[in-house]
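Remarks on the structure that follows.
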Amino acid sequence: MVEDDEGHARLIEKNIRRAGVNNEIVAFKNGTDAMSYLFGPDGSGRTIVGTSCLVLLDLNLPDMTGIVILERLKSNEHTRRSPVIVLTTTDDQREIERCYDLGANVYITKPLNYESFANAIRQLGLFLSVIKLPEVE
């Protein structure tokens, strides 16, 4: 989860847990730390190959935009299949289209309807447990 607002981060995590998801949530308050984690020490992105990694991404971060992270994730051969849910206050139609064009799987505008969000997470979890994403070597 890449979210600089601690209040939003707590609400998102609370609702993920309410949806019955018990996976580890690794939280980042800025894009730099998130990118270091996602792409690993060598910057290749190979560190998340073979793992189940869902990225919850805010677009408005203190050090970079979430668009930069989304572009890099979706253009990297090792990370491009990782699902990305954009959670942001930006409701500009051009920005929404841009995120989908770059490969975002879901775009949700804050403030969230947390019951709908929890349900979407539950459904996505079921989907990912049934569908095996191809791995990149």
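Can you give me the number of residues within the range 70-91 that are open to solvent by 20 Å² or more (accessible area, probe 1.4 Å) and more than 21 Å from residue 21 (Cα to Cα)? Working first, answer last.
Pass one, the range 70-91, residues open to solvent by 20 Å² or more (accessible area, probe 1.4 Å): 71-72, 74-78, 80-81, 89-91.
Now narrow it down to the ones that are more than 21 Å from residue 21 (Cα to Cα): 71-72, 74-78, 80, 89-91.
Residues flagged as open to solvent by 20 Å² or more (accessible area, probe 1.4 Å) and more than 21 Å from residue 21 (Cα to Cα) within the range 70-91 amount to 11.
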| query | Out of all the residues in the range 49-57, is one or more in contact with a helix residue (DSSP H, G or I) (Cβ under 8 Å, 6 or more places away or on another chain) and either at positive phi or of a type in the set (Asp, Glu) (or both)? | reply | no
| Can you pull out the residues in the range 1-19 that are open to solvent by 50 Å² or more (accessible area, probe 1.4 Å) and farther than 21 Å from residue 64 by Cα? | 10, 11, 13, 14, 17, 18
| note | How many residues of the range 97-119 are at pLDDT 70 or above and in a helix (DSSP H, G or I)? The answer is 11
| task | Among residues belonging to the range 49-69 that are outside any loop (DSSP other than H, G, I, E, B) and open to solvent by 40 Å² or more (accessible area, probe 1.4 Å), point out the one that is nearest to residue 5 (Cα to Cα). | result | 60
| Take the residues of the range 35-48 that are in contact with a His (Cβ under 9 Å, 6 or more places away or on another chain) and on the phi < 0 side of the Ramachandran plot: which is surrounded by the fewest Cβ atoms within 10 Å (Cβ to Cβ)? | 44
| field | Test for residue 94: is it in a helix (DSSP H, G or I), open to solvent by 90 Å² or more (accessible area, probe 1.4 Å) and modelled with pLDDT of 90 or more | value | yes
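Looking at the range 73-91 only, could you name the residues that are part of a helix (DSSP H, G or I) and farther than 15 Å from residue 56 by Cα? Break it down into steps so the answer makes sense when it comes.
Step one: of the range 73-91, the residues part of a helix (DSSP H, G or I) are 73-75.
The answer is 75, and nothing else.
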| query | Does any residue in the range 10-33 that is in a strand (DSSP E or B) come within less than 8 Å, Cβ to Cβ, of a residue that is among the hydrophobic types (A, V, I, L, M, F, W, C) and open to solvent by less than 40 Å² (accessible area, probe 1.4 Å) six or more places away or on a different chain, and which pairs are these? | reply | 28/1; 28/2; 28/34
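The values are calculated or read from the model by the stated rules, or taken from the named source; none is laboratory data. Computed from a predicted model, the values in this text were never measured in an experiment. For neighbour counting, all protein chains shown are included, and Cβ atoms are generated from backbone atoms with ideal geometry for every residue, glycine included. For accessibility, only protein heavy atoms count, side chains too; no ligands or nucleic acids. Shrake-Rupley method; radii C 1.70, N 1.55, O 1.52, S 1.80 Å.
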